[in-house]
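Following: one structure in structure tokens, then a few remarks.
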Amino acid sequence: QVQLVESGGGLVQPGGSLTLSCAASGSLFSISAMGWYRQAPGKQRELVAIITRSGSTNYAESVKGRFTVSRDNAKNTMYLQMNSLKPDDTAVYYCRPTGGGSWGRGTQVTVSS
């Protein structure tokens, strides 16, 4: 089973940028499609971005054009570059294989002036 640690969150002003990292242990990372998810206070967790093992990507409409997901299979790491951040992007961000598995602790992203 893949174990995941998210990092890179923080407080940023509207319009700012952050890059999140997802470090994975376990050999399944390189053969798994991976996803970034987020959960805002009082809301359900939602899928933000997907990247397949070959690098194909897909995004939620709310982040399309602003967020970019990438992965380095050699480093067992996935990234989420977030630009033009909005207050609505405030949430705890998680990564996980799209096929399921345990959730990590996530990393908090707060967009506020």
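The values are calculated or read from the model by the stated rules, or taken from the named source; none is laboratory data. All values derive from a computational prediction rather than experimental measurement. Using ideal geometry, Cβ is built from the backbone for each residue, glycine included, and neighbour counts are taken over all protein chains shown. With ligands, DNA and RNA removed, areas are computed over all heavy atoms of the protein, side chains included. Shrake-Rupley method; radii C 1.70, N 1.55, O 1.52, S 1.80 Å.
What net charge is computed for the residues neighbouring GLU46, neighbours being all others with C-beta under 14 Å from the C-beta of GLU46, Lys and Arg scored +1, Asp and Glu -1?
Computed value for this residue: +2.
Normalising by the residue count of region 6-106, find the relative contact order in percent from Cα pairs under 8 Å and 6+ residues apart.
That works out to 35 percent.
Under a 1.4 Å probe, what is the accessible area of region 7-113 per residue, stated in Å²?
Working: 5510 Å² over 107 residues.
Value for region 7-113: 52 Å² per residue.
For the chain, with all protein chains present and a 1.4 Å probe, just round the carbon and sulfur fraction of the accessible area to a whole percent. Let's see the in-between values first.
Numbers: 2780 of 5950 Å².
Solvent-exposed carbon and sulfur of the chain make up 47 percent of the total.
How far, in nm, would the chain grow between THR110 and ASN73 when pulled straight, counting 0.36 nm per residue and subtracting the alpha carbon separation? Before the final figure, lay out each step's value.
Details: separation 37, 0.36 × 37 = 13.32 nm, distance 2.83 nm.
Value of the extension gain: 10.5 nm.
In whole Hz, with x marking every Gly and Pro, tabulate ³J(HN,Hα) for region 107-113 from phi via Karplus 6.51 cos²θ - 1.76 cosθ + 1.60, θ = phi - 60°.
With coefficients 6.51, -1.76 and 1.60, one gets 9, 7, 10, 10, 10, 7, 8 Hz.
Among GLY100, SER62, SER21, whose Cα sits farthest toward the positive end of the charge dipole of the chain (+1 at Cβ of Lys/Arg, -1 at Cβ of Asp/Glu, about the Cα centre)?
The one lying farthest along the dipole's positive direction is GLY100.
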